1. Got a number for residues in region 334-352 being open to solvent by 70 Å² or more (accessible area, probe 1.4 Å) and either part of a helix (DSSP H, G or I) or β-branched (Val, Ile, Thr) (or both)?
2. Taking the criterion of being within 17 Å of the chain's Cα centre (by Cα), open to solvent by less than 50 Å² (accessible area, probe 1.4 Å) and within 14 Å of SER207 (Cβ to Cβ), would at least one residue in region 288-296 satisfy it?
3. Please enumerate the residues belonging to region 260-283 that are under 15 Å from PRO89 (Cα atoms) and assigned to a helix (DSSP H, G or I).
4. Might you check whether a residue that is more than 14 Å from the ligand (Cβ to nearest atom), within 25 Å of ILE266 (Cα to Cα) and at pLDDT 95 or above occurs anywhere in region 292-310?
5. What are the residues in region 383-393 that are in contact (Cβ under 8 Å) with a residue 40 or more places away in the chain and open to solvent by 10 Å² or more (accessible area, probe 1.4 Å), if any?
6. Could you list all residues from region 26-57 that are polar (S, T, N, Q) and within 23 Å of PRO223 (Cα to Cα)?
7. Under 7 Å by Cβ, and 6 or more places apart or on different chains, what pairs join a residue from region 29-41 that is in the same structural domain as GLU74 (by TED's automatic domain parsing) with one that is loosely packed, with under 15 Cβ neighbours inside 10 Å and assigned to a helix (DSSP H, G or I)?
8. Can you report the number of residues in region 384-423 which are among the small types (Gly, Ala, Ser) and assigned to a strand (DSSP E or B)?
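The values are calculated or read from the model by the stated rules, or taken from the named source; none is laboratory data. Source: prediction; values computed, not measured. Reconstructed Cβ throughout: ideal geometry from the backbone, glycine too, with neighbour counts over all protein chains shown. For the accessible areas, the whole protein counts, side chains as well, though only heavy atoms, and no ligand, DNA or RNA atoms are used. Shrake-Rupley method; radii C 1.70, N 1.55, O 1.52, S 1.80 Å.
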Amino acid sequence: MATMQAPPRARIHEGPFVNEPLTDFTREENARKMRAAVEEVRGQLGREYDLIIGGRRVKTQDKIKSINPAKPSELVGLFQKAGKEHVEPAMEAALKAFESWSRTSVEERAAIVFRTAEILRERKFEYAAWMVFEVGKNYAEADADIAELIDFCEFYPREALRLAKAEPPVQLPGERDLLMYIPLGVGAVIPPWNFPSAIMGGMTLASIVCGNTVILKPSSDSPAIAAKFVEALEEAGLPEGVVNFCPGAGASFGNAVVAHPKTRFIAFTGSREVGLDINKRAAEQAPGQVWIKRTILEMGGKDAIIVDADANLDAAVDGVAAAAFGFSGQKCSACSRAIIDERIYDKFLERLKARVEKITLGDPAKNPGMGPVINEGSMKSILEYIEAGQKQGGRVLTGGKRDSNAGEGWFVQPTVIADVKPGDRIEQEEIFGPVLAVIKSRNFDDALQIANDTEFGLTGAVYSSSKDKLDRAIREFHVGNLYINRKCTGAIVGAHPFGGFNMSGTDSKSGGPDYLYLFTQAKSVGIKTT
Ligand code: NAD
């Protein structure tokens, strides 16, 4: 990448980490800035982007079309499509860059990432606007996504600096004993489309700040935001070959990078099926491979909110609606099951229905409550789940259909299905859309049992005013991210290190104090001094 630029002066941020504030779009001044950014980005839609391998711009015959899910006739960007033949050049470039990048001081690496934070902060509205067009986020959702990426740009370099100065180990008499966290090598970074800046950028930054180099294969549904992020890295002075930008199909290019003998680690976030497949393939030793590949796999969820009979009902209704329908339910942390005590079940449903029917659906460029789902395949799959839920005895309380009035895109109404039974398909499988299953529980024991009875374990929440019950939930609700008397979405970097149990992944807690260890290996050195 940009070697022509003078690298920024190494600047160590002494201050403690502080989260990037979220933008308040009820203030007209902010809404106006965002509308202006949306119009500015609208004028840039449809451009062509190249692969970037070792700083070289590469064109391919096959292309990926990134389209606006709210308006599928609108091309967001045209991307080159890396194929199997691009794996070797990308690997060579990443290996070559590793030689110098792994020896670059942690202060210099951190300085580049801090500089990236400054660039992103200056263009926050513009980056958010790209997400409005490419994945259908409304203003607040897009803003939260870019704020989280800025948080990672501030959090991970501080963590890398902390690791570099880690407490020395026990010192034996007559020895100087060291413990160093050194980089691993070349990583495959394979993100999903639903947090197209935060997760894509977060996994990339954690990799590079530790001295690794990467082949970044963004999701085919969101390559534009990744391209914009790579532009920011270049501008911040990242050397060529440290991040190799290669949009491509998961099944061909992604698969081949995972299988490559020189791939040292795979940082993946996505579905359970693909995560398990990568895990299996990464475990096979390719000819010439001299290490066990490290896999950092964050996968799906079937997240539940338990509402106890003694809960503050208004807060619970609000929390469930926001967690179920924010970004059309397309978050791994989204509430897809509400488990409601039978004593308040009818009252809860009545209030929830009224609350959900207030959600506006439309073009994210106009900042509605909810936008489209990501693509046609996803819309069809969501509508099939709604059918399946009804076939097994579920009752559609509100929604249930595609909404063509909202626009030409992939709009699905916010849907609540009541009377779902534990074990039903829509109670067990990740739908990844605006569909909430409501299940009646007999009591708190029963609610906990239902909540824990899936193969996932990502997020969960409990609304109750009983300290005993909440203490029990803290002990027994088996999820990686548990929330008490608040919704189960919206993890904040630093405060809520994020990652799930069971089939939700390897519990690698992004945004937490353990995360960077996964991108390093510890080397112990004992030096005889006498
Ligand atoms: P996906 O699994 O379809 O794709 C994720 C990435 O894997 C994409 O870049 C894709 O191109 C790539 N891929 C697909 N097949 C591959 C293969 N065979 N080899 C290598 N790479 C391959 O997921 P998605 O639809 O992009 O994202 C939605 C999923 O991500 C949901 O299941 C959601 O719960 C999960 N998710 C999890 C977290 C978390 O932190 N646990 C966060 C966000 C999303």
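1. 4
2. Yes, because at least one residue in region 288-296 is within 17 Å of the chain's Cα centre (by Cα), open to solvent by less than 50 Å² (accessible area, probe 1.4 Å) and within 14 Å of SER207 (Cβ to Cβ).
3. Hits for region 260-283: nothing passes.
4. Yes, region 292-310 contains a residue that is more than 14 Å from the ligand (Cβ to nearest atom), within 25 Å of ILE266 (Cα to Cα) and at pLDDT 95 or above.
5. TYR385 - this is the single residue of region 383-393 that is in contact (Cβ under 8 Å) with a residue 40 or more places away in the chain and open to solvent by 10 Å² or more (accessible area, probe 1.4 Å).
6. If the condition is that a residue be polar (S, T, N, Q) and within 23 Å of PRO223 (Cα to Cα), then GLN44 is the only one that fits.
7. That search, which allows pairs on different chains as well, returns nothing.
8. Qualifying residue count, region 384-423: 1.
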